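See structure below.
The values are calculated or read from the model by the stated rules, or taken from the named source; none is laboratory data. Since we're looking at a predicted model, the values are computed, not measured. For neighbour counting, all protein chains shown are included, and Cβ atoms are generated from backbone atoms with ideal geometry for every residue, glycine included.
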Amino acid sequence: MMRFFPAPWLSLALWLLWLLLNLSLSPGNLLLGALFGFIAPLLTAPLRPLPVRIRNPGVILKLLFHVGCDVVRSNLTVGWRVWNAHRHPPRPAFIKIPLDLHDANGLAALSMICTVVPGTVWSELALDRSVLLMHVFDLDDEAQLIEHFKQRYERPLMEIFQ
């Protein structure tokens, strides 16, 4: 059964989303939505990462709290720096961050964190997953930022996934 429905919840969600977007329960839409919900997970099955094994679920709440605080603080900081750019121009930079995290799911979570926090952009990951190239909107101290990044995001993700 899993061969035909590799992700049954995804199939159901796609079918319901199809019906919601079309605002119709006509037989044609019911059939097309079901077909889409059946075929899309089959075609994307090879793209899915390995199953997630969470080692330390208690760390997730701490990480979410840290990310939430950093998002709010970074929004305010970036907004202030943009507002005052004529007086104190930002110092953008690309920095290379050595990574100890090699789990695919952990790296995916780390990339989402980089995307969510304003002022940082995940630019490139080395093929061997050992170095992350990240763009920073305003860089004061590279060593301090690397240590903050590793302590605040990478180490908790390593506790969760490795």
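Observations
- Segment 102-128 residues that are of a type in the set (Asp, Glu), paired with ones that are part of a strand (DSSP E or B) (beta carbon under 6 Å, 6 or more apart): 124/133
Each row is one residue, and each column tells you yes or no for (1) outside any loop (DSSP other than H, G, I, E, B); (2) out of contact with any Pro (no Cβ under 8 Å at 6 or more places or on another chain).
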residue	(1), (2)
46	yes, yes
53	no, yes
70	yes, yes
97	yes, yes
105	yes, no
134	yes, yes
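- Qualifying position, being touching a residue at least 24 places away in the same chain (Cβ under 8 Å) and touching a Pro at 6+ places or on another chain (Cβ under 9 Å), among 59, 82: 59
- Residue check: residue 24 meets all listed conditions (1) in the same structural domain as residue 142 (by TED's automatic domain parsing); (2) part of a loop (DSSP other than H, G, I, E, B) but one, namely (1).
- Looking only at residues in segment 37-94 that are surrounded by 12 or more Cβ atoms within 10 Å (Cβ to Cβ) and polar (S, T, N, Q), the one that is nearest to residue 9 (Cα to Cα) is 44.
- Some residue of segment 54-72 being over 17 Å from residue 110 (Cα atoms), at pLDDT 90 or above and assigned by TED's automatic domain parsing to the domain that holds residue 111: yes
- Qualifying residue in segment 101-110 (condition: among the charged types (D, E, K, R) and at pLDDT below 90): yes
- Matching residues in segment 8-49 - criterion: being within 21 Å of residue 107 (Cβ to Cβ) and in contact with a helix residue (DSSP H, G or I) (Cβ under 6 Å, 6 or more places away or on another chain): 49
- Note on segment 145-162: residues that are in contact with a Pro (Cβ under 9 Å, 6 or more places away or on another chain) and more than 10 Å from residue 109 (Cβ to Cβ) amount to 2.
- Residue 90 vs. criteria part of a loop (DSSP other than H, G, I, E, B), in contact with a Lys or Arg (Cβ under 8 Å, 6 or more places away or on another chain) and touching a residue at least 40 places away in the same chain (Cβ under 8 Å): yes
- Remark: pairs (first residue in segment 65-79, β-branched (Val, Ile, Thr); second residue part of a helix (DSSP H, G or I); Cβ separation under 8 Å; 6+ apart in sequence or on different chains) = 67/113; 67/116; 67/153; 71/116.
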